Structure formats: C-alpha cells, structure tokens
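The block underneath contains the structure these notes are about, expressed in structure tokens.
The values are calculated or read from the model by the stated rules, or taken from the named source; none is laboratory data. Please read all numbers here as calculations on a predicted model, not as lab measurements. Virtual Cβ from ideal backbone geometry, glycine too; neighbours counted across all protein chains shown.
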Amino acid sequence: MSDGPQAAAAITAVPVIAIDGPSASGKGTVAQAVAQALGFHYLDSGALYRLVALAAMRRGLDWSDETALAALAAGLEAQFEGENIRLAGEEVAEAIRSEACSAGASRVAAVPGVRLALVTRQRDYRQAPGLVADGRDMGSVIFPDAGLKIFLTATAEERARRRHNQLKQKGNTAKLDDLLQDLRERDARDSARSVAPLKQGPDARLLDTTCISAAQAVAQVLDWYGAPR
C-alpha cells in the first residue's frame, strides 16, 4: 500500500485543465471536446449541483436550509457512466437539464455547506492520464494547481440566444427576454455568493466565445495547452 505523501504526489502530478465561466457560455461543450481530443477524463461539476437541486426539489427542501442541503449533498447517490447520469439508480440526465433544475443548482451552489460537501467528490475525478474540469470554481478552489486555467465567457445576450436555440431544438418554448433576465440573475447570484464566487482568477486565461465557434474555442484551448492538433 502506498504511503500518504507518495500517493498525494502521484495525484497532484496528474495534469488538470480547469475551465470556469458563467451559465450557457459553452464551457461544457468545449471542455468535453478538449477532454476527448487529449484522451483525458471529464468532470461536469455543474451536474453535481444540479443533482443536489433535483434531489432537494423532490424532497421539498427549502433553499435556505443549509443543514439539510449539506447533508443531502454529502450523501448524494450519484453515478456517472458516459452520457448516463443516475440519482439513486434513476436515470436523470434529461431531468437535471430543465430550467427549474438549473435555477435550483444556482441556489444550492451558493450554500457554503453544499460546496464543502462536494469538494472531495470533485477532486476524486483527478485521475491519470489527466482531467478537464468545468464549473465555476475549478481553478480557484477545487484544482488551484491546475496547469491551465481558463475563464470562458460570452455576453449575456449571446448566452441567452444559445440557450433559446437549445430549448427550441428540444421542442421547448421560452421567451428570449425571460432567458436573458434569468441568466443575469444567475450571474449576479454566482458572482456575489460568499463562498467561491464566480470570477476570473489572476492566473486564468480569458476566452470570450461571443464571436467564435465551439471548434475555434477548442482549438484555442488545445493551443494554450500545447497539444498537437
């Protein structure tokens, strides 16, 4: 059995690309593509908060009940297998992408006890040959020693337009103005929370995707990482 220091050194030697940014900025699409290009593992940290939100809604918990929400997060029965996401054995990949669940995720993510409960779970994804992690605090809190940190963003108007198109493709109806207002409220909530607020770190590269395609964004990340394409 490996001793503690050696095991810890082996883990921290695993490369990490941390991609943070606001909702609907395209970081998930970019992160997945980068991970696939490099043969790395992928962590969608937002899915964990969405799962907590879904479980909380199903149990009728109050968003202000930090003790109950933290306990829920600590004992979260979540399983990730490729595109499949299960909560207590039930497939919920589609359910956690609903607008209600997205709004709930932003609320539970502002709860200090929930964030603390999910720290170790997220760090456990750091496995060889490497990890691409996307979220709000991947570079600032979860993987502060990541070799490449990126703050990926776009204007609120462009992000609302993308979300509107995604919903239309799924047959859902939503008003663009309502989506824009919702995104602005989430941005404010994520940026103002007391624990791990959303912001570009001093050591993170800014990648604005407002006027570029996902493929161009992926190419830029790979270029910064120094990977052949």
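Select, from GLU83, GLU66, GLU90, the only residue that is surrounded by fewer than 18 Cβ atoms within 10 Å (Cβ to Cβ) and touching a Gly at 6+ places or on another chain (Cβ under 6 Å).
GLU66
Yes/no per residue for (1) under 30 Å from ARG123 (Cα atoms); (2) buried (at least 19 other Cβ atoms within 10 Å of the Cβ); (3) hydroxyl-bearing (Ser, Thr, Tyr):
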| position | (1), (2), (3) |
| --- | --- |
| ILE150 | yes, yes, no |
| ALA160 | no, yes, no |
| LEU179 | no, yes, no |
| ARG186 | yes, yes, no |
| PRO197 | yes, no, no |
| ARG205 | yes, no, no |
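Going through region 186-198 one residue at a time, which ones are part of a helix (DSSP H, G or I), touching a residue at least 24 places away in the same chain (Cβ under 8 Å) and either among the polar types (S, T, N, Q) or more than 18 Å from GLY26 (Cβ to Cβ) (or both)?
Hit for region 186-198 is ARG189, nothing else.
Would you call SER45 touching a Gly at 6+ places or on another chain (Cβ under 7 Å) and hydroxyl-bearing (Ser, Thr, Tyr)? Reasoning before the result, please.
On the way: touching a Gly at 6+ places or on another chain (Cβ under 7 Å): yes; hydroxyl-bearing (Ser, Thr, Tyr): yes.
For SER45, the condition - touching a Gly at 6+ places or on another chain (Cβ under 7 Å) and hydroxyl-bearing (Ser, Thr, Tyr) - is met.
For ALA18, all conditions in the list (1) within 30 Å of SER213 (Cβ to Cβ); (2) part of a loop (DSSP other than H, G, I, E, B); (3) at pLDDT 95 or above hold save one; what is the number of the exception?
Result: ALA18 fails condition (2) only.
Since ALA74 meets every condition but one in (1) touching a helix residue (DSSP H, G or I) at 6+ places or on another chain (Cβ under 8 Å); (2) modelled with pLDDT of 95 or more, which condition does it not meet?
(2)
Would you check which residues across region 168-197 are in contact with a helix residue (DSSP H, G or I) (Cβ under 7 Å, 6 or more places away or on another chain) and on the phi > 0 side of the Ramachandran plot and list them?
Listed by number, the list holds a single entry, ALA196.
Say we look at region 25-61 and pick out the residues that are assigned to a loop (DSSP other than H, G, I, E, B) and modelled with pLDDT under 95; which of these is nearest to LEU222 (Cα to Cα)?
If we take residues in region 25-61 being assigned to a loop (DSSP other than H, G, I, E, B) and modelled with pLDDT under 95, then GLY26 is nearest to LEU222 (Cα to Cα).
Checking the condition modelled with pLDDT under 90 and crowded, with 18+ Cβ neighbours inside 10 Å, which residue from SER106, SER140 passes? Write out each step before concluding.
Details: SER140 fails: modelled with pLDDT under 90.
Going through SER106, SER140 in turn, just one is modelled with pLDDT under 90 and crowded, with 18+ Cβ neighbours inside 10 Å: SER106.
Restricted to region 161-179, and to residues that are over 20 Å from the mean Cα position of the chain (by Cα) and aliphatic (A, V, I, L, M), which residue is modelled with the lowest pLDDT?
Result: ALA174.
If I filter region 43-62 for residues that are under 19 Å from the mean Cα position of the chain (by Cα) and over 18 Å from VAL114 (Cβ atoms), do I get at least one hit? Reasoning before the result, please.
First, the residues of region 43-62 that are under 19 Å from the mean Cα position of the chain (by Cα): 43-56.
Those still in the list that are over 18 Å from VAL114 (Cβ atoms) too: none.
No, region 43-62 contains no residue that is under 19 Å from the mean Cα position of the chain (by Cα) and over 18 Å from VAL114 (Cβ atoms).
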